[in-house]
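First comes the structure, then the notes that go with it.
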Amino acid sequence: MTMNKNIEIELKFPLLNSQEVESFLQSKGDFKYESFQHDVYLNPPHRNFLANKDNVCEWLRLRVSKGQAQINYKDWLPHSEKIKTHCNEYETRVDSYDQLKLILDALNFEFLIEVKKIRKVWIYKDVEISIDIVEGLGEFLEVEYKGELSEVDQAREYLHLIIQEINAMTSDIDLKGYPFLLLEQKGLI
């Protein structure tokens with residue numbers, strides 16, 4: 001049994017040795033791309049994603065990268081736990097970022113924060129590995145499971161093994177995400 005394609009299992013950490021990790025991935029991984037990503041996070045008018053600041057579970061994101069726009073919704077699970085193990089993720093391309101932004105503005109979606117980053121991506125042993133340089137936050141390692149395991153816990157355990165294998169030196173796991181960290185940094189949350 002394979003995992004539902006709308007379920008995302010990832011871990012994210014501040015990265016302390018990006019040059020070494022990148023060197024490892026250049027020699028043993030399959031380089032996919034490097035891109036600048038500009039993300040805008042929004043709150044819908046009918047509910048406040050930030051109502052429980054200690055346990056944010058949802059994000060709505062507009063992204064422009066490589067000249068393409070997309071909209072993405074993430075619902076992090078389990079809702080009742082501080083440590084989220086996975087999320088339901090839904091995303092699609094958008095023909096016109098500007099028109100979508102006008103629609104969401106007309107429907108009173110509230111701007112929360114923007115995240116700008118440079119992302120380098122490799123595939124290594126069923127894992128998508130990204131090194132992100134996030135404006136205002138620094139360097140991060142994100143590992144996302146892309147294999148055939150059917151259990152979330154197994155996939156998370158596998159991700160931890162890969163982090164060790166690529167010799168990544170990290171700080172504590174990021175349980176909040178870039179938008180939350182930037183909102184917090186700016187005193188908005």
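Values in this text are rule-based calculations from the coordinates and carry no lab data. Model, not experiment: these values are computed from the prediction. Because the Cβ atoms are built from the backbone with ideal geometry, glycine has one as well, and the counts that use them run over all protein chains shown.
Please state the relative contact order of the chain as a whole percent: Cα pairs under 8 Å, 6+ residues apart?
33 percent
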Order of HIS86, HIS160 from fewest to most other C-beta atoms within 10 Å? HIS160, HIS86
Area projected by the alpha carbon convex hull of the range 102-189, averaged over all directions, nm²: 8.1 nm²
Counting other beta carbons within 10 Å of each Cβ, put LYS82, LYS120 in order, fewest first. LYS82, LYS120
May I ask for the equivalent-ellipsoid semi-axes of the chain, computed as the square root of five times each C-alpha gyration tensor eigenvalue and listed largest first in whole Å? 27, 19, 17
I want to verify the translational diffusion coefficient of the range 1-64 in µm²/s; compute it with Stokes-Einstein, Rh as the Kirkwood radius over Cα pairs, at 4 °C and 1.567 mPa s. 81 µm²/s
